Amino acid sequence: MNTVNTSITRETLPMYIGVHDAVRMGITRNSFYTLTHRDNDFVVEIGGRVYLDRDGLLAWLDRGGDKKNNRKDKE
């Protein structure tokens, strides 16, 4: 049985959130990987693994989580 850790705060989150941390936060694996395949500024690859940058993810969520509000400018 998966349980969601309700005591997670900004201060207790790791700087880079991996899939296992995301699941503990209540984000499904599918949602995690969907976020990593979008054009999001907060997706980070380290050593072949994919992470979500904590501060970037939280800022994106504060803006409402709308993908188009987070796209990089392509000039």
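FYI, it's all coordinate maths here, none of it is from the lab. The model shown is predicted, which means the values in this text are computed figures rather than measured ones. Here Cβ is always computed from backbone atoms with ideal geometry, including for glycine, and neighbour counts include all displayed protein chains.
Before moving on, here are some points about what is shown:
- Across the stretch 18-29, coupling constants 3J(HN,Hα) worked out from phi with the 6.51/-1.76/1.60 Karplus curve, θ = phi - 60°, read x, 4, 5, 5, 4, 4, 5, 7, x, 8, 6, 4 Hz, and Gly and Pro carry x.
- Percentage of interatomic Cα-Cα distances in the stretch 17-69 larger than 15 Å: 42
- Once backbone amide H atoms are built at 1.01 Å from N, Ile17 has Leu52, Asp53, Arg54 as its partners under 5 Å, excluding neighbours fewer than 5 places away on the same chain.
- Net dipole in debye of the stretch 17-69 [+1 Lys, Arg Cβ; -1 Asp, Glu Cβ; about Cα centre; nearest 20]: 200
- Our coupling estimate for the stretch 50-65, obtained by passing each phi through the Karplus curve with A = 6.51, B = -1.76, C = 1.60 and θ = phi - 60°, is 10, 9, 10, 5, 3, 5, x, 5, 5, 5, 4, 5, 4, 7, x, x Hz, Gly and Pro reported as x.
- Trypsin sites (Lys or Arg not before Pro) restricted to DSSP loop in the stretch 21-57 with at most 15 other C-beta within 10 Å: Arg38
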